[in-house]
1. Show me the trypsin sites (Lys or Arg not before Pro) within segment 115-178 that DSSP assigns to loop and that have at most 13 other Cβ atoms within 10 Å of their Cβ.
2. Over segment 33-152, with every protein chain in place, what whole percent of the accessible area is carbon and sulfur at 1.4 Å, could you tell me?
3. If the only charges are +1 at each Lys and Arg Cβ and -1 at each Asp and Glu Cβ, what is the size of the charge dipole of segment 49-178 around the Cα centre, to the nearest 20 debye?
4. Averaged over every viewing direction, what's the projected area of the C-alpha convex hull for segment 29-174? Give it in nm², one decimal, please.
5. Go through segment 139-171 and name the chymotrypsin sites (Phe, Trp or Tyr not before Pro) that are in a DSSP coil and have 13 or fewer other Cβ atoms within 10 Å of their Cβ.
Amino acid sequence: GEFGKDLLEPVFYHGAVERITGYQEEDLLRGNPRWEQLLHPDDQILLTNGVMLLPVEREYRILRKDGQVRWVHEVQQLFAGNAGQISYAQGAIYDITMRKQREFEIRAVAAVSSRLSMATSRAEIPPLLLQQVNQLLQARGAALMLYDPESGKAICELGTGVWEKFSGKELPDDDITY
């Protein structure tokens, strides 16, 4: 989009603005909402007194109209008029949510692999694995279930958090579908 002399007042938006934000171009042009209001609360530090800080290129999260979080990559360029004063800014925003998700998954696999490599016995593996799953997924609990196809029984090898009470217990057959 392009911004006028007020650099916070958009002149126009073009492209996938509705797909990325959930808001129509007209809503954003009217300032309903203003772009800085879309920033994820954890990324509000990008604002100082209501003005976005430079650098010219940055990545941050926004909240879509439907509440979903999107990662965006913003590139902004300032243009000066004849007198050398900034006359307008032009920028582009790209949805990089999928890339950020893949980066998180790669880090998660590396973290689990690193922790598992510390195990010196089979008995140490389940607690390490579940600890990593809980941490990475910010889960309230996780369980490692083992299924014996010969007996048709499933046993909770180990449970953490909300699953802890099932540790070492056989799950009833009627709760299992394969």
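The values are calculated or read from the model by the stated rules, or taken from the named source; none is laboratory data. What you see is a predicted model; the values in this text were computed from it and never measured. Because the Cβ atoms are built from the backbone with ideal geometry, glycine has one as well, and the counts that use them run over all protein chains shown. We work out accessible area using only protein heavy atoms, side chains counted, and drop any ligands, DNA or RNA first. Shrake-Rupley method; radii C 1.70, N 1.55, O 1.52, S 1.80 Å.
1. Working: sites: Arg115, Arg122, Arg140, Lys153, Lys165, Lys169; in loops: Arg140, Lys169.
Qualifying residues, ordered by number: Arg140, Lys169.
2. Numbers: 4440 of 7900 Å².
Of the solvent-accessible surface of segment 33-152, carbon and sulfur hold 56 percent.
3. Details: 15 positive and 16 negative charges, 128 e Å.
Around 620 debye, computed over segment 49-178.
4. On the way: hull surface 58.5 nm².
Taking the Cα atoms of segment 29-174, their convex hull projects to 14.6 nm² on average.
5. Working: sites: Tyr147, Trp163, Phe166; in loops: Trp163.
For chymotrypsin sites (Phe, Trp or Tyr not before Pro) across segment 139-171 that sit outside H, G, I, E and B with at most 13 neighbouring Cβ atoms in 10 Å, the list is empty.
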